[in-house]
1. Out of everything in the range 284-307 that is in contact (Cβ under 8 Å) with a residue 60 or more places away in the chain and within 25 Å of the chain's Cα centre (by Cα), what residue ends up being surrounded by the fewest Cβ atoms within 10 Å (Cβ to Cβ)?
2. Which of the following residues is touching a residue at least 12 places away in the same chain (Cβ under 8 Å) and touching a strand residue (DSSP E or B) at 6+ places or on another chain (Cβ under 8 Å): Ala423, Ala427, Ala457?
3. What residue, of Asn352, Asn331, is at pLDDT 95 or above and over 24 Å from Asp250 (Cα atoms)?
4. Checking the structure you have, find out if any residue of the range 513-527 is within 22 Å of the chain's Cα centre (by Cα) and open to solvent by 70 Å² or more (accessible area, probe 1.4 Å).
5. If only one of Ala353, Ala360 is in contact with an Asp or Glu (Cβ under 6 Å, 6 or more places away or on another chain), of a type in the set (Gly, Ala, Ser) and surrounded by fewer than 22 Cβ atoms within 10 Å (Cβ to Cβ), which one is it?
6. Search the range 227-260 for residues being within 19 Å of Asp180 (Cβ to Cβ) and aliphatic (A, V, I, L, M), and hand back the single one that is most open to solvent (accessible area, probe 1.4 Å).
7. Being assigned to a strand (DSSP E or B) and open to solvent by less than 60 Å² (accessible area, probe 1.4 Å): is that true of Val431 here?
8. Filter the range 321-368 down to the residues that are charged (D, E, K, R), farther than 19 Å from Gln390 by Cβ and free of Cβ contacts under 8 Å to residues at least 60 places away in the same chain and list them by number.
Amino acid sequence: MFDGGQFIIQAMLDAGRVTETDVERASAQAVASGIEVTDALVQINATTHRELAVEHALICEYPYVDLDAFRIDLHNCRSIPQRVAEQLCVFPLFIIDGTATVAMADPLDLASIDRLTQALKCRIDPVVCDVERLRALIARAYSMALGEATEDDDGGSESLTSGAEPLVVAVNQILYSAADAGASDVHISPDEKRLHLRYRVDGVLQPQQGPEIGMHAGIVQRLKVMANLDLTQSRKPQDGKFRFSFRGQDIDVRLSTLPTIHGENIVMRLLRPAAQIGSISDLGMSSEVTSQFEQLITKPHGIILVTGPTGSGKTTTLYTALNHINEPDINIMTIEDPVEIRLPMIRQVQANAGVGLTFASALRSILRQDPDVVLVGEIRDEETARIAVQAALTGHLVLSTLHTNDAIGSIARLRDFGIPSFAINNALLGVMAQRLVRRVCESCVRPYTPTRNELAALGTEPMPGDQFVDGRGCAKCFSTGYKGRMGVYELFRVTPTMHGLIERDAEGTELEEAACRLGMKTMLEDGIEKARQGMTSIEELAKLNALLAEELDTSGDSDEPAPGESAA
């Protein structure tokens, strides 16, 4: 077996990637810890496993493969026993036309290649990979296949359930992989012969390679234990919550079970920790809107509303606003359903209609707690609207959400709740309407020249300095061309000019025309500016435009949220 450690170190010294001092420190660390010098170099942050693997590949004259750049079939683990994969640190990436491309820690290990040839019964084409990534791939692949057994290289049967807690490992891998992908939701859905695993990433459900159907019942039981649910009940829906740690951060999970004809369907919502709430500038608003919004949320009293459908990022905007003004000399209290993110120094109340703790009743009690700022998760009825307006008129700053299609629509909604025009004028400071669009993936971004028809459909035309882009699709973005989301916003401020229009019950179109004359940019206009800067794509804006047009067509229909719907 080739021991390339010294050759790798010498090559990195020659290339100036590490210093003699680094090697001396690593050698001392290796002796003290009983590890290889190359591993010690990583421990002292002199290099990375990836850099070591690339140097190893150059020395061995074998290709280096970035495991993150490929969608690898985890079911390839069926080809070799788990014990062999872990012992040799190998994993078959692709098996095509009698040749297996195998990720290896050491491609010059001829004994390992001989064992792989016997196990796979085909030609072996070794490639070099980051050792830590390779070990993580092996762990995930076998944890997802724990319900099966494979044939070992001696012709016997080796069970993949040999781990002490195989279901625990499988569930942990699902949660960790979802958190690593930045998923907001995890769906575990049984069919007659297959268990579907999907992550909602950037608002889109994306299929994943998951466990076999035989593991479904065990996974459901494990999740119920974690969420403290009734293990004996499988015929009615249940809701619970739990928390897990990922990369040093606690992630809260809301778990929902629903009985179907093929078994219990599982949906988990992953809630970001408070540490991930950034500044208002991180939300993606234009500099002008950022400045105006910051001015509004520092007012001593009045109402600020954030509007949009479920999943448009309203809760994130409100939490970011609270984080911006959260100081020891300000008493901030909230009533939410549910409390999605725990914020320090803020008194957060969970609504519970079952015991009579509704938004309206909790809001009455909160006003007796000497608050400066009150967040009401959602104004969904006349009583809550009336109390919120009264609170704003009596010296409190109130933040809340409404389900309306645009910012101007909030005026009509407040009127529907029986709020008179003079009270709207005296209480309402401004309304932020928003939607989310996907960002173009930075790993596969490329220039894009839209046609005049595409731009005309959005109400614009080519301009000097346009930097339109799209994404070709890669493994890092699940071949979608997008990675991450950002908001598009329109901020309607209730200025003295708007007071007169509201007082005489002007129609929404007249209010919008006046607001635009005073400088308000619509969500579509905000999105077009961001597309010109290469932040999102024309394709995303076309979808947004169609969505806004559809909402306008159906604006006469009831827009009341379903009972129990989150304001997130």
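1. The qualifying residue surrounded by the fewest Cβ atoms within 10 Å (Cβ to Cβ) is Ser286.
2. Working: Ala423 fails: touching a strand residue (DSSP E or B) at 6+ places or on another chain (Cβ under 8 Å); Ala457 fails: touching a strand residue (DSSP E or B) at 6+ places or on another chain (Cβ under 8 Å).
Answer to the check: Ala427.
3. Details: Asn352 fails: at pLDDT 95 or above.
None of the others qualify; the one that does is Asn331.
4. no
5. Numbers: Ala353 fails: in contact with an Asp or Glu (Cβ under 6 Å, 6 or more places away or on another chain).
None of the other options fit; the residue is Ala360.
6. Across the range 227-260, the extreme among qualifying residues is Ile251.
7. Values: assigned to a strand (DSSP E or B): yes; open to solvent by less than 60 Å² (accessible area, probe 1.4 Å): yes.
The answer is yes for Val431.
8. Quick first cut of the range 321-368, residues charged (D, E, K, R) only: 327, 329, 336-337, 340, 342, 347, 364, 368.
Narrowing further to those that are farther than 19 Å from Gln390 by Cβ: 327, 329, 336-337, 340, 342, 347.
The answer is Glu327, Asp329, Arg347.
The values are calculated or read from the model by the stated rules, or taken from the named source; none is laboratory data. Quick caveat: nothing in here was measured; it's all calculated off a predicted structure. When we count neighbours, we look across all protein chains shown, and the Cβ atoms used for this are built from the backbone with ideal geometry, even at glycine. SASA here: full protein model, heavy atoms, side chains in, ligands and nucleic acids out. Shrake-Rupley method; radii C 1.70, N 1.55, O 1.52, S 1.80 Å.
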